[in-house]
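Read the structure below first, then the notes.
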């Protein structure tokens with residue numbers, strides 16, 4: 001009778017023991033593989049290991065927010081263009097020049113700017129001499145915050161120049177007219193510390 005301890009068969013007992021040993025090792029290997037699949041080593045730690053090398057700093061992606069102002073932020077002077085505007089280039093002896101300025105937002109986003117009379121300044125010159133300044137006799141100046149869309153051009157209401165010199169000491173006095181007869185004058189404009197790069201030339205007859 002064949003038993004586990006005393007196998008009976010045509011081959012020697014050593015062969016049977018060798019087969020049983022191989023079978024047992026195979027079953028053990030299958031059990032170990034199943035255990036490794038079910039319980040992974042290190043699976044209980046959800047936090048990945050820190051791979052940063054000692055002494056190194058984590059990389060930071062460069063930000064472009066500083067180079068482009070956010071929509072609605074204060075206008076960047078480099079993105080604002082001022083232009084002096086006159087309604088004509090030559091005026092008859094009975095005509096008063098109508099002067100104003102245009103403001104252009106050359107940026108790619110909307111921005112805010114104070115375009116009130118507290119900031120606007122129109123200046124008429126002849127050569128190096130200042131003839132007239134809108135600030136000299138200004139009263140009740142106000143602030144007017146304005147939002148300029150990207151690429152927007154805004155023109156201020158025109159005012160008439162009475163062809164006289166201005167000074168803070170002559171606001172309530174009668175002022176003599178300036179030289180005419182083909183005399184050349186230039187209009188420059190400012191908003192706060194920002195000035196027009198070129199002036200508008202005109203002639204008075």
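The values are calculated or read from the model by the stated rules, or taken from the named source; none is laboratory data. Not measured: the values here are computed from a predicted model. Every residue, glycine among them, receives a Cβ derived from its backbone with ideal geometry; neighbour counts consider all protein chains shown.
Structural remarks
- Across region 191-205, the qualifying residues are those that are in a strand (DSSP E or B) and out of contact with any helix residue (DSSP H, G or I) (no Cβ under 7 Å at 6 or more places or on another chain), and the one among them that is nearest to residue 74 (Cα to Cα) is 191.
- Residue within region 176-185 that is under 39 Å from the mean Cα position of the chain (by Cα) and at pLDDT 95 or above present: yes
- Selection within region 78-89 - surrounded by 14 or more Cβ atoms within 10 Å (Cβ to Cβ) and outside any loop (DSSP other than H, G, I, E, B): 79, 80, 81, 82, 83, 84, 85, 86
- Scanning region 140-175 for residues that are on the phi > 0 side of the Ramachandran plot and more than 40 Å from the chain's Cα centre (by Cα) yields a count of 1.
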